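The values are calculated or read from the model by the stated rules, or taken from the named source; none is laboratory data. Note that this is a predicted model, so its numbers are computed, not measured. When we count neighbours, we look across all protein chains shown, and the Cβ atoms used for this are built from the backbone with ideal geometry, even at glycine.
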Amino acid sequence: MTDQRGEISLIGLIVSMTIFLAVLGATLTLFSTSERQNRDAQDRNDVQGQARMTLDRLSRQLRNLASPTPDQPQGVDRAWPTDLIFQTVKPVSPGTGTNATNVMRVRYCLDASARLHRQEQTWTTAAAPAVPAGTACPAGGWNADYVVAGHVDNVRRGASSPLFTYDSTTLTAITRVSVDLWVDADPTRRPSASRLTTAVFLRNQNRAPTAAFTATPTSQGLVLNGSASSDSEDDPLSYCWYDASAPDVAAPPSPCAAGPYIGSGITFAYALPSGATRSIWLSVYDTAGLFNRTATRSITNAGGVQ
């Protein structure tokens, strides 16, 4: 690059500049790539961190599912793959009005823009108000709405990736909620979506009791016995007996429903003549008002009075 007098030739200068520019370009490219990778990693960490905090809060609220009362017997109001509504206890402020236990309703739903919302409904009355109408996410009628996670990839992944799964299709029988949250800061680029999962046992969920009975012929008629009925939470049960051929009773003793009511109690002596056949069923209620009933059974008194 230099002549005999140590001077740099024009060609040598051009070659040197070309090499320098190539090295500089490679360095800047490497730096830019590194910066982009660091930025992408930070975005992924932020998205995952937000999702983890949301899962933690959702889990706590599910574990604090509102204890059942006659005014608020049902803990879970909606159980869909991307839409969950339940009642929980608000922990940060005292009860107001006649809502002494400070129960509130919470909704987690996924919108069309891959954002997870938390909506809240509060009240001051003893009885819980109706669930706000509307299935859009978010929907009106709620007291508050927050976007608690973004870049949720479940909808794009299809029906095979529900956000929420349950151990029962009956709202009052749900005791376990599983959350499967896929998040991806940029679905068009690698790496693929991250998966965050948790499952919560609903320790406070009140389930409807199970109704069952036996019928024993006696000289006085049938002895109906509902002791085979049970309640998952061991709540005391109320027993209401019905006969399809009996006259309707508009206002039987609480908590029995109107209908062809014939009596109450864990056992009931039903006077029937020998050979008489009746279509009988039993309804049982727990202390929160949840109930279940047996199928109607056709029973003939083979041992009654002649």
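Against the conditions (1) under 20 Å from CYS109 (Cβ atoms); (2) modelled with pLDDT under 70, ASP40 satisfies every one except (1). If ASP180 passes every condition in (1) among the charged types (D, E, K, R); (2) farther than 30 Å from SER283 by Cα; (3) in contact with a helix residue (DSSP H, G or I) (Cβ under 9 Å, 6 or more places away or on another chain); (4) at pLDDT below 90 but one, which one does it miss? Failing condition for ASP180: (4).
Scanning for something in contact with a strand residue (DSSP E or B) (Cβ under 9 Å, 6 or more places away or on another chain), of a type in the set (Ser, Thr, Tyr) and within 24 Å of THR216 (Cα to Cα), does segment 248-256 turn up at least one residue? The answer is no, given that none of the residues of segment 248-256 is in contact with a strand residue (DSSP E or B) (Cβ under 9 Å, 6 or more places away or on another chain), of a type in the set (Ser, Thr, Tyr) and within 24 Å of THR216 (Cα to Cα).
Taking segment 73-137 as the region of interest, the strands (runs of 3 or more DSSP E) fully inside it that hold 2 or more residues being of a type in the set (Lys, Arg) and either on the phi > 0 side of the Ramachandran plot or within 16 Å of the chain's Cα centre (by Cα) (or both) are 103-110.
A single member of ALA302, ALA251, ALA257 is closer than 22 Å to THR170 by Cα and in a loop (DSSP other than H, G, I, E, B), and it is ALA257.
One residue stands out in segment 156-208 among those that are basic (Lys, Arg) and in a loop (DSSP other than H, G, I, E, B): the one that is surrounded by the fewest Cβ atoms within 10 Å (Cβ to Cβ), namely ARG190. If the condition is being over 29 Å from GLN74 (Cβ atoms) and among the small types (Gly, Ala, Ser), then segment 185-240 contributes ALA185, SER192, ALA193, SER194, ALA215, SER219, GLY221. Among the residues of segment 269-298, how many are surrounded by fewer than 16 Cβ atoms within 10 Å (Cβ to Cβ) and among the aromatic types (Phe, Trp, Tyr)? Within segment 269-298, residues that are surrounded by fewer than 16 Cβ atoms within 10 Å (Cβ to Cβ) and among the aromatic types (Phe, Trp, Tyr) number 0.
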